[in-house]
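Okay, so here's the structure we're looking at.
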Amino acid sequence: MYVAVKGGERAIENAHRLLAHERRGDRDVPEISLAQIAEQLGLAVDRVMGEGSLYDRELAALAIKQARGDLIEAIFLVRAFRATLPRFGVTEPVDTGQMRVQRRVSSTFKDIPGGQVLGPTFDYTHRLLDPQLAHGIEPAPPAVGEASDASTPRVTDILGRDGLIEPSPQAQADADVGDLTREPLGFPAERDLRLQNLARGDEGFLLALGYSTQRGYGRNHPFAGEIRFGEVEVEFLAEEVGFAVPLGSIELTECQMVNQFKGSATEAPCFTRGYGLAFGQSERKTMSMALVDRALRARELGEDVIAPAQDEEFVMSHSDNVQATGFVEHLKLPHYVDFQSELGLLRKLRKEFEEANAAPSLQEAAE
């Protein structure tokens, strides 16, 4: 039985020891390894890397283990570690058109160049618990086929050739790219900052906002133009040699939403874009991100801002789960002085209220 210990430092030290004990759990159960987390809880690792803004599977697995599976706490740990790292430079933009595709689906065209690739997905499962997994089973090896050499152009590029979708919005060539990891958030925010914010934003929050746009709060009619997951090569421009050199490959999920647009006095009707990109296999996140990205373009496209998902200050100020956690959970810390002040004020107001209501009764009694 554990007994509370009085005294600030000693109590905190004992709380840490108890946390370590609870984290380890039953000593008769083998301790989980980082490799097990990285390999068998891959989607959790992907989320922590994405919202933690650091692509490192081992560190994300370590954070999940240290946080006892609390993903927001793990994201916090990864961001804190990331803040200690030096920055040597900026990589070149990745070319997702050259992605080595593991999964690629489109709900707009059945037959797309390069074909649809279902890949690893829960989409076609029955959502029934599998009791066999409780005992540990060796799954059958996956079906293997010859890799295709066919190119996999983006669906939005196909629409763009016929002028049916707006050109991909481009920033000015000489404009500085914002960096939310180093500069505080400010408004109004351009799309580069909005996309950074959404990429780091809480998946559940973005999912709710994206869902709200489909239910009529800032209505737009979306189609999943394409969702692709796979490996892309990362390159770094080395000034010493004067050209980009490859650093390695990372896994990314990209989503392009195609949305209706009625046009305006100066713009012909066409499809518009919503965009999402995240580390690892993060389809729900990138789809939600793309829906909210399109909603946040309301002013740019001359649409009325009438819903939360269209309000960039509302979205960007509340999407960061680390910041939100800090503000909510600080309520657990001591607020004794503040509360005693409020308590004293409340008692004074109640006394004044009682005296004010008692005065007419005394006057009536005197009459």
For the chain, compute the number of Lys pairs whose alpha carbons are separated by less than 27 Å, excluding pairs fewer than 8 positions apart on the same chain.
6
Count the net charge of all other residues whose Cβ sits under 12 Å from the Cβ of Q310, scoring Lys and Arg as +1 and Asp and Glu as -1.
-2
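Stretched out fully, how many nm does the piece from F88 to S341 gain, at 0.36 nm a residue minus the Cα gap?
Gain on stretching F88 to S341: 86.0 nm.
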Between helix 283-295 and the chain: long-axis angle, C-alpha atoms, 0 to 90°, nearest 10
80 degrees
What does the net charge come to around D46 if you take all other residues with beta carbon closer than 9 Å to its beta carbon, with K and R at +1 and D and E at -1?
+2
State the percentage of accessible surface on the stretch 220-367 attributable to carbon and sulfur atoms; use a 1.4 Å probe and exclude ligands, DNA and RNA.
58 percent
Accessible area per residue of the stretch 268-359 at 1.4 Å probe, in Å²?
61 Å²
Protection proxy (average C-beta count within 10 Å per residue), highest first, orders 102-110, 44-52, 56-64, 130-138 as 44-52, 56-64, 102-110, 130-138
Rolling a 1.4 Å sphere over the protein heavy atoms, what is the accessible area per residue of the stretch 2-141, to the nearest Å²?
72 Å²
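How much net charge surrounds K285 when only other residues with a Cβ under 13 Å from its Cβ are counted (Lys, Arg +1; Asp, Glu -1)?
-4
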Among A307, L296, Q281, whose Cα sits farthest toward the positive end of the charge dipole of the stretch 241-318 (+1 at Cβ of Lys/Arg, -1 at Cβ of Asp/Glu, about the Cα centre)?
Q281
Rounded to the nearest 500, the 222 nm mean residue ellipticity computed for the chain from DSSP H runs (n ≥ 4, each -39500 (n - 2.57)) alone is -12500 deg cm²/dmol
Please check: in the Gaussian network model of the chain (C-alpha springs, under 10 Å), which one of N357, N197, N321 has the largest mean-square fluctuation.
N357
Expected sort for 27-35, 212-220, 73-81 on mean C-beta neighbours within 10 Å, highest first, is 73-81, 212-220, 27-35
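The values are calculated or read from the model by the stated rules, or taken from the named source; none is laboratory data. Note that this is a predicted model, so its numbers are computed, not measured. All Cβ positions, glycine included, derive from the backbone under ideal geometry; neighbour counts span all protein chains shown. What goes into the accessible areas is simple: the full protein's heavy atoms, side chains included, and nothing from ligands, DNA or RNA. Shrake-Rupley method; radii C 1.70, N 1.55, O 1.52, S 1.80 Å.
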